[in-house]
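K.L.:
Just dropping this structure here.
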Amino acid sequence: MKTIISTDNAPSAIGTYSQAVKVNNTVYLSGQIPLIPETMEVIEGGFVEQTKQVFKNLVAVCEAAGGCIDDMVKVNIFMTDLSNFVTVNEVMSKYCKEPYPARAAIQVSRLPKDVEIEIDGIMELPSTN
């Protein structure tokens with residue numbers, strides 16, 4: 001059985017998808033882009049500000065699912081410029097602690113709303129048994 005996860009503390013879906021879907025203790029998080037939840041506008045500033053907003057959005061969805069960002073076991077990072085890899089590491093280290101999740105970082109030609117970064121992932125909630 002699957003449960004749809006939704007929160008007003010992260011941007012609402014801008015397409016035919018859910019913010020996250022929970023199956024048993026596994027939560028599949030849809031890609032988050034740097035939208036401010038209250039306005040649904042892209043945050044102003046450069047790559048650092050966009051990356052921080054994406055992580056804030058991920059934190060909100062993780063919490064809505066009953067976990068925290070440190071419960072993420074796999075993260076996919078999509079960037080329009082892979083030279084921002086070091087910056088992603090710096091920002092991610094402020095939101096996640098070791099042991100870090102498995103991760104992929106991929107350069108893409110374009111992202112929704114012409115943002116510079118999108119992150120999705122999989123979270124495993126601690127067992128309640």
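K.L.:
Amide H neighbours of V115 under 5 Å, at least 5 residues apart or on other chains, H built in the peptide plane: list them.
P.N.:
none
K.L.:
For the chain, would you read off the P(r) tail past 21 Å as a percentage of all alpha carbon pairs?
P.N.:
In whole percent, the share of Cα-Cα pairs in the chain beyond 21 Å is 35.
K.L.:
Rounded, prolate or oblate, given the Cα gyration tensor of the range 34-93, with a/c below 1.5 counting as rounded?
P.N.:
Since a/c reaches 1.5 but b/c is at least a/b, the shape of the range 34-93 is classed as oblate.
K.L.:
With only Lys, Arg, Asp and Glu charged, each at its Cβ (+1 for the first two, -1 for the last two), find how big the charge dipole of the range 2-124 is about the Cα centre; round to the nearest 20 debye.
P.N.:
340 debye
K.L.:
Given K2/K52; K22/K56; K52/K97; K2/K113; K2/K94, which pairs have Cα atoms separated by over 25 Å?
P.N.:
On the way: K2/K52 29 Å; K22/K56 20 Å; K52/K97 15 Å; K2/K113 29 Å; K2/K94 31 Å.
Over 25 Å apart, Cα to Cα: K2/K52; K2/K113; K2/K94.
K.L.:
Work out from phi, with θ = phi - 60° and the Karplus expression 6.51 cos²θ - 1.76 cosθ + 1.60, the ³J(HN,Hα) of each residue of the range 7-18, listed in order in whole Hz, and give x for Gly and Pro.
P.N.:
So the Karplus estimates, Gly and Pro as x, are 8, 6, 7, 10, x, 6, 4, 9, x, 8, 7, 9 Hz.
K.L.:
Could you pull out every residue, at least 5 positions away or on a different chain, whose amide H is within less than 5 Å of the one on Q107? Hs are placed 1.01 Å off N in the peptide plane, and Pro or chain starts have none.
P.N.:
Long-range HN contacts for Q107: M79.
K.L.:
How tilted is helix 85-95 with respect to the longest principal axis of the chain? Cα atoms for both, answer in degrees (0 to 90, nearest 10).
P.N.:
Result, in degrees: 40.
K.L.:
Let me ask something else. Looking at the square roots a ≥ b ≥ c of the eigenvalues of the Cα gyration tensor of the range 1-76, which shape do they give, rounded for a/c under 1.5, prolate if a/b is larger than b/c, or oblate?
P.N.:
prolate
Quick note: the coordinates plus some simple rules give every number you see, no bench work behind them. Since we're looking at a predicted model, the values are computed, not measured. Quick reminder, even Gly has a Cβ in these numbers, built from the backbone with ideal geometry, and neighbours come from all protein chains shown.
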